[in-house]
Amino acid sequence: MSEKIYNWNDICRDVDDLTPKEKDFDDVYTSDDIKRDLNHIRGIKIGKGILLEQGISDSRIQEYAVAQEIGEMDWFHEQKQFDRLFPDGEGKESMVFLSSEYDDFVNHLDAVCLVCNADTDFKPVPFALDMTYNTDSDGLSKKMSWRHYDRDINAPGFSSVKYFEDNFSYNPLIEKGRIAAMPRFVVGFSPEISQEITELRMSSTGLMSTKRDELSAKAKWCVLRELKAQSEQMLKFLEGHYLENSKLEKLYSDTKALDLFFGNAISAAAEADEGHKDWINYPQGDSVYGAIMSKVEERSMYDGRDK
């Protein structure tokens with residue numbers, strides 16, 4: 001492997017810096033509320049047999065690497081679509097934020113993406129990512145669960161985030177604190193690709209290598225197709241239910257915008273990667289992608305409500 005420019009401690013420090021800390025939300029929530037959430041996290045960790053002092057896990061490092069790839073390698077091909085997405089300088093390119101530990105363990109999401117462009121009518125639309133490299137059927141079934149913590153929302157694939165903050169923007173599009181409901185997508189690809197991408201990010205030549213281009217493109221194609229398949233599925237359900245209450249109506253509007261965004265991203269990616277059919281067709285042989293898409297197809301047989 002190429003000469004390393006980062007060591008593991010450097011990467012861990014970056015991940016820690018980008019992870020929202022519950023204690024930093026004392027201007028949003030009461031100290032008792034935050035303390036209760038921290039105790040909840042501790043209880044979950046103990047129940048899972050996770051050592052409380054083990055620090056940042058390898059899987060969290062990989063989630064960080066993928067979150068960085070989405071932006072740095074322009075997985076949504078916003079640069080190629082710039083004139084259409086950002087006429088007269090309107091809108092903002094998509095951003096990806098790592099989740100807090102609470103939202104990771106309780107709300108089952110690893111990152112929050114924020115989109116604001118012509119496809120969303122220049123309104124900020126968030127969506128959550130739950131990343132996986134697992135093909136276990138039972139585990140994926142749990143990840144693909146329809147449940148949402150808001151009892152008024154009995155719809156497929158939605159979640160909430162409690163500890164969200166945009167630390168990158170001068171004028172954040174969404175206020176610090178809770179995002180009550182947003183589409184949540186389960187995405188993933190081969191763990192070997194994820195590990196290689198993570199390692200390339202730690203090397204002096206790997207960050208700008210053709211190998212990184214290839215691996216990132218293959219991962220991108222898995223994720224884009226997973227996002228589009230799930231957004232289509234969510235829309236199919238919501239089209240028959242969104243008039244039932246105002247919360248579902250807002251989710252329908254957001255999901256419709258995201259479905260358009262994902263579709264246009266795939267079209268732009270196909271044009272950009274036209275000379276690399278192996279990248280475009282890669283998902284067909286990826287076992288994690290296959291397992292996720294199988295679950296998407298499986299749950300499409302139901303109307304989106306818990307059995």
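Rule-based calculations on the coordinates, nothing more; no lab input. Computed from a prediction, not measured in an experiment: that's the story for all the values here. Cβ placement follows ideal geometry from the backbone for every residue including glycine, while neighbour counts extend to all protein chains displayed.
When peptides 194-200, 209-215 are sorted by average Cβ neighbour count within 10 Å, with the highest value leading, the order is 194-200, 209-215.
The listed peptides 173-186, 17-30, ordered by packing as a protection proxy, come out as 173-186, 17-30 (highest mean of other Cβ atoms within 10 Å first). If both residues of a DSSP beta bridge must be in segment 8-299, then about 75% of such bridges are antiparallel. Of the peptides 85-97, 223-235, the order by per-residue mean of other Cβ atoms within 10 Å, starting with the highest, comes out as 223-235, 85-97. For ASP110, nonlocal amide neighbours, meaning residues 5 or more places apart or on other chains whose placed amide H falls under 5 Å from its own, are LEU129, ASP130, MET131.
Apply the a/c threshold of 1.5 to the C-alpha gyration tensor of segment 186-307 and tell me whether it is rounded, prolate or oblate. It comes out prolate by the Cα gyration axes.
When the P(r) of segment 8-299 is calculated, the portion above 25 Å amounts to 48% of the C-alpha pairs.
For segment 243-248, backbone phi angles converted through the Karplus equation (6.51, -1.76, 1.60; θ = phi - 60°) give residue-by-residue couplings of 7, 6, 7, 5, 5, 5 Hz, Gly and Pro being listed as x. Sequence-ordered 3J(HN,Hα) estimates for segment 187-199 from the Karplus curve with 6.51, -1.76 and 1.60 and θ = phi - 60° stand at 10, x, 6, 3, x, 5, 5, 4, 5, 5, 4, 4, 5 Hz, glycine and proline given as x. Close amide H pairs (under 5 Å, H built 1.01 Å from N) link LYS21 with no residue at least 5 positions away or on another chain.
Over 28 Å between Cα atoms: which of LYS92/LYS250; LYS48/LYS295; LYS162/LYS247; LYS45/LYS92 fall into that group? Long pairs (Cα-Cα over 28 Å): LYS45/LYS92.
For segment 274-285, backbone phi angles converted through the Karplus equation (6.51, -1.76, 1.60; θ = phi - 60°) give residue-by-residue couplings of 4, x, 10, 4, 5, 5, 4, 8, 3, x, 4, x Hz, Gly and Pro being listed as x.
Database remark: amide H of PHE122 closer than 5 angstrom to the amide H of ASN117 (H placed geometrically; neighbours at sequence offset of 5 or more, or on other chains; Pro and chain starts carry no H).
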